[in-house]
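Right, I'll just put the structure down here and ask away after.
The numbers here are math on the coordinates, done by the rules we state, and not lab data. These figures come from a predicted structure and were not determined experimentally. Because the Cβ atoms are built from the backbone with ideal geometry, glycine has one as well, and the counts that use them run over all protein chains shown.
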Amino acid sequence: MRVLVVGSGGREHALCRSLKLDPQVSELHCAPGNPGIEEVARLHPVDPVDPVEVAGLARRLRVDLVVVGPEAPLVAGVADAVREAGIACFGPSGQAAMIEGSKAFAKDIMRAAGVPTAQARVCRTAEETAAALAEFGTPYVVKDDGLAAGKGVVVTDDREVALAHAAACERVVIEEFLDGPEVSLFALCDGSTAVPLQPAQDFKRAHDGDQGPNTGGMGAYTPLPWAPEGLTEQVMREVVHPTIGELSRRGLPYQGVLYVGLALTAKGPKVIEFNARFGDPETQVILDRLETPLGGLLMACATGELGPDPVFAGGAAVTVVIAAEGYPGAPVKGDVIKGLEPAEHAYVLHAGTSRVDGEIVSAGGRVLSVVGSGPDQESARRNAYDLVSRIEMRGSFHRTDIAR
């Protein structure tokens, strides 16, 4: 099959790398891509949030499948335009993608489906915000209702910080705090059924010990040896199937990946958030362990033909994100990067990079994802950090406690 991947980050590099390994994939394209993706796919300049432009490119390339990576193109209706062009697409419709595009919509779906989640209030005014903060107490959880590239959530004990974040958003969802370790579970959906991928855990705060500002994710690992037995089956039963069932009842069959962000509370798993796409950086480690060919899986989702659960290799994978100076506020760009050659059990995925005068330079906040694998978590972690230590980029930083 001929495949077009839409996006330009570390998640898309991971998707392209796995698709390249699938013997069914005869031709691989990415739009707009990055210098790392260029090593495995043909790149095309395109505005990824322009449905007409993406669908037109897919038609010109005569691809069999389009895989939409980021959330913004999904919410913009790129998947709808591709399907209208008669091409299979992995990714939900614009309306179904509002499961991520609007926290309020997601809460409404969860209430209707009986999905366990935090109590919440949707607030549009300062008065409503103040009342909700008083109702739920500390720690305050304030979420921008719309898309915010994984950085729209503030969890704080400082009421003024919570109020300031709410004031900067058009509409917010204020929730009770869910205490417990967090887990990410991705479910592949074909419109009527779903199968799980292997759970992972990511690290959201910028610095060691979960300190510093919230980010899009500074690292991740899989599997989770400490996770409760039967967790995946419970989440599929109590969360995924009711959610896609409710969406179908509303005339919004869900095709793509449903990202379930969970807190394992004393009362059981509860949903923190839904995303309408693969999570970054969890995708990097999950796809590293996936044995089932990815192209066939994604095509099955796009055509309503999902089969048995995917198969995963043994061992473990750990990814460490290398970020630019100033991230997540105002990341510095244009710094030259050296030491990107892979090691025996580790490799580099490009996230925010570009090519200038033949050299790879930083071009975003999260610049690289370094993935290490091994027979166990500690060896995978060691292999990832060994390669991280060889990479040179002025002002860069990374967490040293991923998967510790």
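The range 257-278 to the range 7-42: how many Å between their Cα centroids?
Each part reduced to its Cα centre gives a spacing of 27 Å.
What is the range 230-272's relative contact order, in percent, from Cα pairs under 8 angstrom and six or more apart in sequence?
Here the relative contact order equals 27 percent.
Related question: With the cut-off at 22 Å, report for the range 100-174 the share of all Cα pairs above it, as a whole percent.
Tail of the P(r) past 22 Å holds 17 percent of the pairs.
Cross-link partners among lysines for LYS107, C-alpha distance below 16 Å, same-chain residues fewer than 8 apart left out?
LYS143, LYS270
If the cut-off is a Cα-Cα distance under 25 Å, which lysines reach LYS20, setting aside same-chain residues fewer than 8 apart in sequence?
LYS338
Let me ask you something else. For the range 132-177, report the translational diffusion coefficient in µm²/s to the nearest whole number, using Stokes-Einstein at 25 °C, 0.890 mPa s, and a Kirkwood Rh over Cα pairs. Intermediate values should be presented prior to the final figure.
Numbers: Rh = 10.3 Å.
Roughly 238 µm²/s, to the nearest whole number.
OK, next. Taking 25 °C and 0.890 mPa s as the conditions, I'd like the Stokes-Einstein D for the range 1-124 in µm²/s, using the Kirkwood hydrodynamic radius from alpha carbon pairs. Walk me through the numbers on the way to the answer.
On the way: Rh = 15.3 Å.
Diffusion coefficient, whole number: 160 µm²/s.
Whole-Hz Karplus ³J(HN,Hα) for the range 158-169, in order, using 6.51 cos²θ - 1.76 cosθ + 1.60 and θ = phi - 60°, x for Gly and Pro?
Working through the residues one at a time gives 8, 4, 5, 5, 4, 5, 5, 5, 4, 5, 7, 10 Hz.
Relative to the compact globular guide of 2.2 N^0.38 Å, what is the alpha carbon radius of gyration of the range 155-244, as a ratio?
Expressed relative to 2.2 N^0.38 Å, the Cα Rg reads 1.35.
Over the chain, with a Gaussian network built from C-alpha contacts below 10 Å, which listed residue (ALA302, ALA130, ALA206) shows the highest mean-square fluctuation?
Among ALA302, ALA130, ALA206, the largest GNM mean-square fluctuation belongs to ALA130.
How many angstrom separate the Cα center of the range 61-114 from the Cα center of the range 210-236?
24
Hey, another quick one. Quick check for me: using +1 on Lys/Arg Cβ and -1 on Asp/Glu Cβ, what's the dipole size of the range 171-286 about its Cα centre, in debye to the nearest 20?
380
Excluding VAL332 itself, what net charge comes from residues whose Cβ is under 9 Å from its Cβ, given Lys and Arg +1 and Asp and Glu -1?
On the way: positive: LYS333, ARG394; negative: GLU325, ASP335.
Residues near VAL332 contribute 0 overall.
How large is the helix-only mean residue ellipticity at 222 nm for the chain, computed as the sum of -39500 (n - 2.57) over DSSP H runs with n ≥ 4, divided by its residue count, in deg cm²/dmol to the nearest 500?
Counting only the DSSP helices, I get -7500 deg cm²/dmol.
Right, next: With springs only between Cα atoms under 10 Å, which of THR303, THR319, THR353 fluctuates most in a Gaussian network model of the chain?
Among THR303, THR319, THR353, the largest GNM mean-square fluctuation belongs to THR303.
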